[in-house]
Structure formats: structure tokens, C-alpha cells
1. Tell me which residues come under 5 Å, amide H to amide H, from residue B:380 once H is placed; ignore anything under 5 positions away on its chain.
2. Could you work out, residue by residue across C:372-378, how many beta carbons of other chains sit within 10 Å of that residue's beta carbon, and then give the average as an integer?
3. Looking only at D:337, D:367, D:78, which one moves most when chain D is put into a Gaussian network model with springs between Cα atoms under 10 Å?
4. Give the separation of the Cα centroids, the stretch A:265-287 to the stretch D:273-341, in Å.
5. Treating the point 7 Å from Cα along Cα-beta-carbon as the label, what are the nm separations from residue C:104 to the other copies, to one decimal?
6. Give me, ordered by chain and number, the residues 5 or more places off residue D:278 or on other chains with an amide H under 5 Å from its own placed amide H.
7. Once the other residues with Cβ under 10 Å from the Cβ of residue C:279 are scored (Lys, Arg +1; Asp, Glu -1), what is the net sum?
8. What does the buried accessible surface come to for A and B, summed over both chains, with the probe at 1.4 Å? Round to 100 Å².
There are 4 protein chains.
Amino acid sequence: MVTSTIGRRIRLGLIGGGPGSIIGETHRIAARLDGQYDIVAAALSSNPERARQAALDLGIGAERAYASWQQMLEAEAARPDRIDAVAVMTPNDSHHPICMLALDRGFHVICDKPLANDLAQAREIAARVKTTNAEFCVTYCYTGFPMVRQARDMIRAGELGEIRQVHLQYVQSYLAGHDLPAGWRTEGRAGSSLVLMDIGTHAFHLGAFVTGLDVTRLCADVGSAIPGRPVDDYVSALLRYENGARGSLWVTNAAAGSEHGLSFRIHGDKGGLEWHQEEPNRLIHRRQDAFEEIITRRLGPATSEGAQRSTRIAIGHPEGYLEAFANLYTEFAQRVATRIAGTPGDDQPTRFPSVSDGVKGLAFVAASVKSMATGGWQDVERM
Amino acid sequence: MVTSTIGRRIRLGLIGGGPGSIIGETHRIAARLDGQYDIVAAALSSNPERARQAALDLGIGAERAYASWQQMLEAEAARPDRIDAVAVMTPNDSHHPICMLALDRGFHVICDKPLANDLAQAREIAARVKTTNAEFCVTYCYTGFPMVRQARDMIRAGELGEIRQVHLQYVQSYLAGHDLPAGWRTEGRAGSSLVLMDIGTHAFHLGAFVTGLDVTRLCADVGSAIPGRPVDDYVSALLRYENGARGSLWVTNAAAGSEHGLSFRIHGDKGGLEWHQEEPNRLIHRRQDAFEEIITRRLGPATSEGAQRSTRIAIGHPEGYLEAFANLYTEFAQRVATRIAGTPGDDQPTRFPSVSDGVKGLAFVAASVKSMATGGWQDVERM
Amino acid sequence: MVTSTIGRRIRLGLIGGGPGSIIGETHRIAARLDGQYDIVAAALSSNPERARQAALDLGIGAERAYASWQQMLEAEAARPDRIDAVAVMTPNDSHHPICMLALDRGFHVICDKPLANDLAQAREIAARVKTTNAEFCVTYCYTGFPMVRQARDMIRAGELGEIRQVHLQYVQSYLAGHDLPAGWRTEGRAGSSLVLMDIGTHAFHLGAFVTGLDVTRLCADVGSAIPGRPVDDYVSALLRYENGARGSLWVTNAAAGSEHGLSFRIHGDKGGLEWHQEEPNRLIHRRQDAFEEIITRRLGPATSEGAQRSTRIAIGHPEGYLEAFANLYTEFAQRVATRIAGTPGDDQPTRFPSVSDGVKGLAFVAASVKSMATGGWQDVERM
Amino acid sequence: MVTSTIGRRIRLGLIGGGPGSIIGETHRIAARLDGQYDIVAAALSSNPERARQAALDLGIGAERAYASWQQMLEAEAARPDRIDAVAVMTPNDSHHPICMLALDRGFHVICDKPLANDLAQAREIAARVKTTNAEFCVTYCYTGFPMVRQARDMIRAGELGEIRQVHLQYVQSYLAGHDLPAGWRTEGRAGSSLVLMDIGTHAFHLGAFVTGLDVTRLCADVGSAIPGRPVDDYVSALLRYENGARGSLWVTNAAAGSEHGLSFRIHGDKGGLEWHQEEPNRLIHRRQDAFEEIITRRLGPATSEGAQRSTRIAIGHPEGYLEAFANLYTEFAQRVATRIAGTPGDDQPTRFPSVSDGVKGLAFVAASVKSMATGGWQDVERM
């Protein structure tokens, strides 16, 4: 508990995620779950009245129920009991100004993905993180699942041998109907390609997180599976990783009847791993010289350190999305507490995705769009 | 949020669940998850020093970091900002004295299962709940899963027709090794039959919760699967429900290699439902005149009201054990807030298990033990 | 191939299984699949005209398209090119007279299960097999699956340690409707208890085959899940095996919406095995000290000799019920060829179920019925 | 049965598939399973001695145990009881000469896939089929599974709406080891690209069979996942179907630890279907406005005519690869019998894959290889 380190919880301010927002409640549960944060300030909506009322309903004191994020960042910067960090869960096109100001005012930042609306903005934020020396987490939340970390740890330990093939999927249905739902995602505020920005970056990052490898080139088929609509709802891509491994990716939010559909299947010289977010507590381990095994969060030496650190309850009790999300929040809190305490950090590897992971996501989007325009392979730009 | 109803969160005091206790952290996460409680007091251990330090580590104020549950109940009873409720997560044999005093001092109570160490104790607690008019929840936590509630709602709505067959399983492995682990569960503090008390009551209650039916007679094979050990680790029983339905139950904590293994499979005239706690977000619906369907927490009219009320996040994001546990806590908080506000409760059905469910669990244990002694069928005593 | 041993195929005569019979075509496919038999004679129906026409439609010569089984057994006994064996797939109540005459006329016999209509008949057949020194197979066909043999081989090799718990299920739906279908199974020709005779014996034998253990005592709940019907459609039983292992069994053909539902789950000191007939090519191996593994028919040292011998095609190609059934036929053909050749048999263990397995099935039925009548535990009679 | 139509079985001659050949025994089982063929002639090996002995071991008469396929085709052409059809299961590079001569001598032909070693050869065979008016089946055997036909029938009936997305996989491991196994597949006799010819054509045809749509353009990444080897073991491709639907394909035989891995997932406007060859009796039906359903071979109106016609045994009994393969053989036998009888064929749609399906497979191989060479999209040539 961070209370053992600094004698109090991390003070957190929220930006966005007001009434009716699913992602807002998700961030708040993630902050509450392990008792590492006190949510003491909020600017929950772009509508000043709704922003203030929503904060009061959450139990936030009237003084810190702010009407706007600008007001919150300036006011908090001046308080002696100022917040330590802000969590940003607004539409994509506002991430850049909010993060820039929050960093300038000296706050640590948790920002929802994608990091920004385009690659240039993302690089600006990354540069500002460097100059302000802040902690910064991009909530690629699926990296928080224990079995995703187990996969990463196994690959780092060489249990699959050299990685040879990567296959990523994210197959949803929320745009499968012919009529587009209203909302900022379909109103041009989501960046250059809806499906790439909204869920493509998740799948792309998941592959990089688990393998520890970056994609260097790709050839993408981006467009709409449902004819005639003005937004992208489909991408399939051929990938080449930095070590020469081949990969592919199928991401869509227009596959009628699907639910979540995020998965990876990765093969190395010795075997393969497959994971599906819809059954997150099982990791399928195919072995070239032995039968398939089903890795679970069972405690014991066979479960990796990263998986054990990310698990709260075992003996077959399932954990889910909220626990995975909370893992990022809790790891971020521990890092911030170390910074507050001024002690050297522990030597444990950081798990939560960084600002550079956010930049890479936007580079993937840019390369995919360019590949579609040219009809061939494109390099993915580096940091 | 209860803050909208009474302007503050429910004030909760914890009894038991100190350092190293899995069930303790589970209860605390359940209390924190929806932001309905402030944990302001605690007596976390039977060791006074450890009790106080553990409470401080949790961020509880020094004044309310109590050395014992007796001290906490008396001191809190005298405070103007006294706790509204206590949560009891101590070994079984202390549930009775703690609950009796807590009720006498006017607190609402959340108590871990089994309710008490025997049927007589359980009936005394139930009687005291009646005279004190307190809210009381027994944490048969598996009833909190959305798909368990979906099953219950479907059966109540007649979607399976008249219930004809019930099959319950809870197949674990934590006592599969020949050497019994140390701890109160194997040291005679767990009541007349370890396996029946520890997990048998969970499976038994799950069947009753989902079908809405009580077992009236049973014939049980209770004992140890591992020869020569002094505790029960196995029960298999033939069941007869109040409507004439036949049932069976297989519960053990000595099935080597198993993980959690709680499941039900229920058939009525029109079809059947099957659910496994290890994959809790899927409910298998077998239909006599149509193909099997897989019911999920997908929002929409096909998901029952009970399932939708118990779900925080959808579109295929998995939820787990902690969310199920938190559902009981949150429903309890809403009920307590209604009591504090003095307003008439909403007309929604209570979902969290009651003290009478706790009594029925002990009646099941008693009937099973008696059946094993006599080698034949026994009636299950009523409230 | 038996052609390599005796220069020709085994000559087989069929009794029963005429037009519209599913089990008849199943036996014929089983006989054809490996090319070990020539089906040269048949008495396919109790109606003489239908019997002859059906045989002609199968391509059997007119001379050996018999009008009755009595005619076939007498005529074939007199031919120089007489059949080697008969396959019996008539209703239960005719197994006894057919088998007795076939044995008396010197034929080897494949008989569908259950062996006879009651335990006394079964014992008479077994005695006659002994005096005639015939080969005799009872088609408990589910023992032919490679993964069932894998399980048996693993248990014999001690891979689970001492067997402690056995759980058997066979949960079907073909009598789930309120109106009983017409046919001999529901017309009193199926013996003392429909569900026990029809599918209960399958589940019971499967447990014995896989564990190598007999049940010595049981306590059964036998009756009808659907109220008011004159036949049994439900049995649940508590079992005690000869080594002290505990077991249970749930068998019904009245669970609305179910399909096949035959499965076993067995636990020993070191781990457990679970198999479902509906996904027969996977054997779940739970291990106390390692992750669960999924055993398949993959060739290689990890697959048992019994599984490899029972598999025709690998690299993940699924095999099914007909291949399992054919395994019994092919093993029987090999045994008969050895007898014809007069050479000593190979030293490989027989796999196909014997007449004594058939007797044990009827002993299980008798004990279950008696247990239901007395309301308590009963011994299962031995051979 | 064809015996009812023409009074005898179809007379079949085998070419290839001698001792040790898995595909040879597969074809023979497929021919035997339904009793529609008499295997009366064979040229089983390119080694004359082995060819003759192997035929004798199968029980084929000495006169028709041929030393070579040329000898068999010429000798059989001259017999009054000549074979009706030949089945070709030799290495790819001999398909063309064998098929051409067999057609010229007036036989109907069953040929293993791929049809030929390149597109030009394939087109020659197709032209000869036309001029000789023969029946011709290419054994894309996976189209024989009942649930594959169910999928095809549902899509033809419009149950998914317009098809929008197709995803095909065939992920095996038999070339995952660094040392290539010996054999014709890796010795240059398998055509221009091992993985495309060997399993790529299966996956490609499966997509076309189920959707009823042809691929018009593609962009492929073809090569070796294992560095430095001289054969292709990996292909991933972006596909565009004739109706505008987008698709993708991942096929490899070098994914360590995999077993079979053939699957399709197809989405239309109203829902999607997913099928895996390793669990072939389940077809997952995702529906946009209802819960997922699991379609099985259950008899009744909900199972399509094509599925019911392709099923031998139901009530949950699994069928597998050999039954699927046998479906092609049996349908071919029925067609040949109709030709022999000289009666007009029934009006039922042909199910077995035709010579034109074989040509399309080679066109897919050619386009993929060309795409890899050019680094961009290529048209797939039409018949």
C-alpha cells in the first residue's frame, strides 16, 4: 500500500468521464479498487454545470468540483494539498492540450488511449514528458491482465524460442449496424481512421507488449466493411517485426454478432501462446514437444512473477477487465509514491504502458493509412 | 451512489481479515469497488498489536484502529459518527458471538459464510436479527455473478418450465495433498464437517438461489477421499427439492489438480442452464426445441434485469469474482442507506443472501452428517 | 489386415438393424470401415419380407438374405463357407435366445449392450461362452475412443496415483418431452429400468473400463424426472469402488435440451482426467503440481500405446463415434482371425468389452433397482 | 445405396497411397465406409513389386494388382468388368499425366488436391474433363463436414445477410522444426510454393465453398517463417471477394505446437459463423440481435438439408474427418451410378468439389506468388 510508503494515498484529479460515460466509471473503479488513491478533484464534463454536479454526486468536496479542466489544473497547482496526478478520459482530440497543460503544471498523468489525435501531437506530448520529468501512463488496459503478463514473461525468458509469427485480432460489432451511432467517435473527433484509433492501437500495442518487439513495416487494407459509410470500420494488415518475424492483424468494429474479440496468437521456435480477452484467465500454451497446456493464475513457481504480481485472488476465482485496468492504476500509484518519497525506485520493471508506447500507436495508424493510400508496404516511423 | 441518497458513504467497520488473509482483502476490495463505503474502523486480528498496525497500514485513523472486536463494537457504539455496519470475516466459530454483540449494539451486519458453527447458533443469530430489525447479509458471494442472476431470473420467468433436475458441483484441490495444511479450517474450528461447512454450503445455496427451491430430503455420502485423515474432504448427495425435482451434488476439496470447480446444471421441462464459476460470463442455455445458446452480459432486452443491474461493464469485457462479491456489498449499502434515510425502500427484490439463507446452510450440513451416520435419506430441517 | 493372416476377410452375419435402424447402420459401418469383414449373410428384421429385401438392398446375395435369425443360424451352420461370426443388434429381450443359439452353433458373437434383459440371462450367456470357448464382444462402444484408452492406460501406469474419486454422467434428452415416443424401449422390452438398461450401463462400464476398478456397493435414486410416466428416465447414484474410492453417477434421458452428455471425471492422488464424448479427441489432464494439459491423439511417445493403436489419422484430424465403434469390430476380427489361423494370439491386451463386462452391467442394474426399493446402500453382485 | 440403383457397387481402382501412406488409407476408408464401392484394382506404388504386394495385402485379386498406373489404366480399359472410376492419391507432379490418361480411357476420376502442379496443367485437365464428359472430384475433403455444409446452406439462404468479412486460417506445425523432413513435399515435387499448394489451397477453397464467392484480388506475404529454409512455410494474405467483401488468410505449417488449425470466420450484415476443424460438430453462430448459438448436427428443421444429408449418426455422437472424406466419395458414387444407369440425375445440388474448383486453387497459388514478387495487389485469374 502506498500508505505505508508516504503515509497517505495518492491524490487524484479526474478530467472527463462524466455521467453516462462507461470509460469514466471504469477509470474510477480502477482508482478505487486497491485503495491507493483518494479522488479529490474532478472536471467531469465539458458542460460546467454537469461537471460540478457530477463531481458532487461522486462525493467530491464542493471546492474541488471544477467547472472545467483548465480551472482544475490552475487551481490545483496553487493548493498546498494539490493533487499528485490527473487522469484524462476525454475525447481523443482534447488529449493533447490537456496533457500539455497538466505536465506544465507539474502533475503526473494517466491518459486514455490513443495518446493524441495524430503522430505529431503524440510526439509533442512525449517531448514534454521528458522535459517535465513526469510519470506518464497510457491506458492500454489489456496489458494489465495477469495472463498477458505471463505471456510477456515467458517470451522474455525464452520459453517460446525466437518469435516467428504473430497474429492479432480485435473483432467487435458496435458499428455493424448500417446506421452509425451518434457520438464523438463517429463525428470526426477520433482522428484519421476510426477503427485504427479506437481499437487498432490496442491490438497493435498488445502484440508489441507481449513479444517485446516493434513492427517495422506493414501493408494494410483499411476501409469500411459496410459499404458507403464515411468512417473506417475495418483493417487487416501484414506485419513485419524488427527481428524478421511475420505477423498479421485483423481489427474491425463491424463484424455483426461479435462481442469483444481481442486476442493474440504468437509462435516461436518452441511453441506458441494464445489468449482471448473474453476468457482472460486462461493462456493456451502449445508446445512442439509436449501436449498443450492451459496456464492459469494458479500460485506457484510455474506462474511468472509478472502474473503473480498482477493477481489479487487465486484458486480459480476469475478476474476481469476492471482488475486489469486497476493494475495500471496501482502500478502508477506506486511509481508516483516513490517519486513523492524521493527514494530510489524499486528495481522491478515498470509494467504500465508509457508515453512512448502511445507514440508508437499513432505511428502505426499513420503507416496503415499511408499503406492503404499507396497499395503497398510502408515503414512504420520510429520514435 | 449512496452519496446521492444520504449525502455521505456508508461507514464500515471490519472484523477479521488481517495481514495475509485473502478473504480480508476480498471483502475490502468489495467495499471499495463502487465507492459506497468509507472503511473507518477495524479490528483486523485476534492479536491486539497486529490488529492495530494492520489497520494503520490500511490508512485507518489511529483512534479507530482497534485491538479487538469487542473494543471496536463498544467504542463505535458510543461515537456520534459511529459506523453503520460491520463486516465479519473471522473463523467460523467466532461468528456467533461477534454477530450477536454487533446486532445488540445496533449495527447492520455483513457476515462471511457459513453463518455459524452449527444450526442452533445460526437460529439464534436469525432470531436476534428479527428482534433488532437489522440488515444482515451472508456472503454467499457466488450469487453476485450477473449470469447467476440471469439464471435465477430466467427460471422465475418460467423460461425452463417446471424445474426437474439439479446438479451441483464444487470440486477443488486444496486438501488433495496428503499432509493437511495448518490453519483453523483443519484445526477443529470449522464445525462438524470441514468440506460441508467450507464449500458445501456455497454449492447448496447456489442451487437454492438459482432455482428458488429448497431441498427437503437428502441422502449423503460424507467422508474423506484421502484415507485416514481426520477431516471430511468429500461429499456426494442425492437431493429431493420441494417441488419433487431430483438433484445431486458433488463437493470436494481433495480432487487433485482441480482449480475452483463450482458449477450448476439445471434442467426444466423446456431446457437447461449450465454455469461454471471459472468462466462466469457465459451461461449455457440448452433448449429442447432450438440450438444451444450462450447467454452473456450483453446489454439489451435479452439479458435479465437482475443481470443488467449486476454488471458494470459490457461489450464482452469479462467480470470476475471481485465484482460479484462487490455486488453484495453495494446492494447492502443501498439497503442500509435506505434505512438511514428513513425512506421506504425501492420495490426491487433484494439480491444479497439473508440470514435465513445462512440458517438453511447449517440445516444442510446437519442433515448430511445425519444421513451419513444412518446410511439413508434424511429430512432437511426448516427454519 | 486380417487378409494377411488368413488370406481372406472375416465372414459376418447380421441379426437385426434393418431399414430405419440407426444402430444397424452403425454396426455395418463399423464392420466395413477397416475392410476386415465381408458382410455375407443377414436376418435384418423380425418381418420375413422386410428382412430379405433389406439384405438384398445391402448387396447381400439372395441365398443368404434370410427371413429370420433362426433360419440364418441353422443354414449358415451347414454351409462350407459358413460365417465366422454374428453381430446381434435386436431389442434387448431377444439377445438371450439369439446368443445362446449362435454360441451353440459354433459362431463367435458381437452383441449390442445390454447383454441381456436381466442378470440371470446374462449369467447364462456367460456360462455358455465359457463352454463353447467362443469369442464374445459386448459393444460398449464408448470404450473404443482413443482418448478413453489413453485414460485407461495412464491410470494403469499409475500416472494419477491411487484412484480416489470417480464421477460419471450421461445426460440426454430424448425422453424429455412429456409424450413417450413409440418403440420397444418404452414398451416394456427394455428390461427392469429403461434408463439403467439403455444408457446407465454405458456410463457404469465406462467408469470400470477406465479405472480398472469394479463398484462393490451403491445407493441409487432411480425413477422418473418427468412426473407420472411409467418408465425410469433418471438415476443418480452414490458409488463405492473396490479400492475404497468414492464415486457418483448422474444418468438421465430426460434432461431437456441436452445432446449426448456422456462424460467421466476421475481423480487420483496426483491428478485427474476428464473426458466428454461430444469432444472425444481431447482428454483433460489436471495435475496437482503442474498446469492442466490437453491430451490429444498426437502421435509420439506421450500418447499411450492403447490410444495410438486405436487411431487411424492424426495431425489434429478429428475422429468420432463410428471410428470408436469400428475399433471394437476390428479388434474382434483380429482375435477371430487368430482363432481361425490356430496361431497363438498376440500378447496385446484385449480391448473390446467381454461377456463378463456385460454381466456386470446387469448386476449394476439389479443393485440400483434394489437400492431404490430399500432406500439405502446395496452390494453389487459379482460374476 | 448405389446397389439399389444399378444392382452392384461402383468398381474403383486406386492409384498411389501404398504402404505407410496416411492419405492412401484415408481414401480407402472413405471408399469403404458407406459400402458404395468395391475396390477391385490398384497400382499403389511407383515401385512395381511394392505396388503388387500392397494390393494383395488389401485383398485385391492377383490379376488386378497392377505394377504401375499406366498398366492399370490400359488393362482395365480392356476388361468387360472394367472399373468405373479411378482414385488418384500420388504426389502432385504426377496428377496431370495420370488424370489425362484416365480421362482418355473413359474413367471417372477422384483426384487428391491440389489438382495439378501449376495453373496451366490444371486448365488442361479441366478442358479434358469437358471433352470426355467425365465426372471429376477434387478431394478438398473439408467441404464434406456437415457443419461446413450447414454454413454454406445458411449463407445461401441469406441468414447472414450480405457477406462482408471472411477470415481463414490453417495453422499447422509439421514443418516447425528446423530440419525439413524427407519426402516429396520438401523435394521440389510439390509445385511453386509448398505451403500454398499443400494446405493453402484447402483454406482458400473452404472460404469459396462456404460463401459461394470467389476472390478477385489479393495481396500476399509468402515465404518462410523459419529463416533460411528453401521452401515456403508461411502465407498471410489480404483478400477481396467478388462482391466487395474483404478477407484475410493466415496459413502456415511452421507454427510450433499447433495441431490442425483449419478454421473460418465469416461475417455478414446480420451475423457471423465460425468453424474449427478440430471441433467439427459445432458451428458458432453469432447474431447481431440475439445471443450466440451453437449449431450442431441435431436432426430437425433447424439443421440444413445439406448438413442432414451429410450426417450418419446424430444425438450428439461426434463425426470426424473420415466421415467428411467419405461424404465426397459417396456423393461421387451416386453421381457415377446415375451416369451408369443412364437416368437423369436427381435435382440435388452436387456437393463434391469439381475440377473447376481445382483450377481456382492453382490460380490462387499463382496470384499469391506473383503478389509476393511484386509487393502489391494482384488479380486472381479466372477459369
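1. B:217, B:218
2. Other-chain Cβ atoms within 10 Å of each residue's Cβ, averaged: 2.
3. Evaluated over chain D, the most mobile residue of the options is D:78.
4. Centre-to-centre (Cα) distance: 29 Å.
5. With the label placed 7 Å along Cα→Cβ, residue C:104 yields 6.5, 8.5, 10.7 nm.
6. Under 5 Å from the amide H of residue D:278 lie the amide H atoms of D:261, D:262, each far enough along the sequence or on another chain.
7. Net of charged neighbours comes to -1.
8. 3100 Å²
The values are calculated or read from the model by the stated rules, or taken from the named source; none is laboratory data. Because the structure is a prediction, the values reported are computed rather than measured. Neighbour counts run over all protein chains shown; Cβ positions are idealised from the backbone, glycine included. Only protein heavy atoms, including side chains, enter the accessible area calculation; ligands, DNA and RNA are left aside. Shrake-Rupley method; radii C 1.70, N 1.55, O 1.52, S 1.80 Å.
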